[in-house]
Amino acid sequence: MGFLRIRTTVDERPGRLASLASALAARGGNILGLSVQSDTDGTVDEFVADIPAHPETVREALEAAGGRRVQVVPATAHELTDEPTRALLLASRLRTMPWRLPELLAELLRADDARWVYGEAVSDLPDPTRLVVPVAPKRSVRLRRAELPFTLTEAARAAAFARLAQPAAEQGGASERGVKLADGAEVAVRPLTSIYREAVRDLHDRCSPESRRFRYFTSMPALPPRMFDRLCDRSRGYSLVAGHDGQVVGMANLMFTPDPGIAEMAFLVEDRWQGHGLGTAMARMLVRAARDLGYAEVRATMLADNVRMRRLLISLGATLAYTEDPGVVEARLPVGALASA
């Protein structure tokens, strides 16, 4: 018998994880650890199992159960430690010894090699076994792991971990950002708080029924107080409002989800302000906020006839797919797509 680390990409379908677990159990496997991660073309399930079967037998069994790109590598009992506890201990060490960032990143992601990289970023062909974590404009940590490619979730974890070694951001003007639009108009974008309750209500009043339908899938005449309070709750999401001449002319919402590494975003822009780049600017801000919060992917669900929203997300690098409802489209945008923007 031996410990194995098993990783497989699966389609997001009900019962897929149960099928994989059953396949391992049929080979005498005892699952001792499980993590679910987001990646570019599906969900990655990773198991640590004590299993007597040969790695090739395990790989064939999981492929038959619906797994794709199955990888099986040896593991040790040391890898059975509780992952959140292990990450917190490493974060504590980093806070006291930030100069050891490469070494601690390697331990966090179980990388084979980690080292500082200085100067301009090197542009070469994508290599899934290499991960470059920016630390400063001309300083990064490069990680390599030969046996298991890095996932989007791991990239987000690494970026969040690296920020612990950086000085705290300066306070003051960081809460407000000015944006100049394509027509020359300027708006101020700020975090949504309860003081904007009436201004957001007025925004809904000025928006057309179609704009509200695109945002809420129904021509909601007013935002219910409970929903507004939820949008202001920083433990459940991160929202922005764009203001001009004393009015809120746009709102963008990033909501946290139970899915690991995934947040959802949505927008409402007053009709006369649409088509000038405000939605794109706020979308970029939300995606960067998601990256800073440690998320790997941002998703958006929209009506199929919401052409403007579809074009916006495609321009940012999102991929679109129809859902089980033929009138609803889902966009998926890796937060790394805007890392250098």
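The values are calculated or read from the model by the stated rules, or taken from the named source; none is laboratory data. What you see is a predicted model; the values in this text were computed from it and never measured. All Cβ positions, even for glycine, are placed from backbone atoms using ideal geometry, and neighbour counts span all protein chains on display. In case anyone asks, the SASA skips ligands and DNA or RNA and just uses the protein heavy atoms, side chains included. Shrake-Rupley method; radii C 1.70, N 1.55, O 1.52, S 1.80 Å.
Values of log10 I(q)/I(0) for the stretch 213-318 across q = 0.15, 0.22, 0.24 Å⁻¹ run -0.63, -1.42, -1.63, by the Debye formula with one identical scatterer at each alpha carbon and no solvent. The listed residues Ile314, Ile6 rank as Ile314, Ile6 when sorted by accessible area, largest first, using a 1.4 Å probe.
With N counted as the residues of the stretch 24-75, its alpha-carbon radius of gyration over 2.2 N^0.38 Å works out to 1.11.
Helix 197-206 and the longest principal axis of the Cα set of the chain meet at an angle near 70°. Annotation: average projected area of the stretch 283-325 is 3.4 square nanometres, based on the convex hull of Cα atoms across all directions.
Here the sum of -39500 (n - 2.57) over DSSP H runs of 4 or more residues, divided by the residues of the chain, equals -9500 deg cm²/dmol at 222 nm, to the nearest 500. Of the chymotrypsin sites (Phe, Trp or Tyr not before Pro) found in the stretch 175-271, those in coil by DSSP whose Cβ has at most 16 other Cβ atoms within 10 Å are Phe217.
At a probe radius of 1.4 angstrom, the accessible area of the chain per residue rounds to 51 square angstrom. Using every pair of separate Cα atoms, the Kirkwood estimate puts the hydrodynamic radius of the chain at 22.2 angstrom.
Surface composition of the chain: carbon and sulfur atoms hold 54% of the protein heavy-atom accessible area at a 1.4 Å probe.
Summary of the geometry: the stretch 54-69 and the stretch 1-28, compared by the centres of their Cα atoms, lie 8 Å apart. Annotation for the stretch 245-340: GluC sites (Glu not before Pro) lying in DSSP loop with at most 12 further Cβ atoms inside 10 Å of their Cβ are Glu324. When Lys138, Lys180 are compared by accessible area of protein heavy atoms, the largest-first order is Lys180, Lys138, using a 1.4 Å probe.
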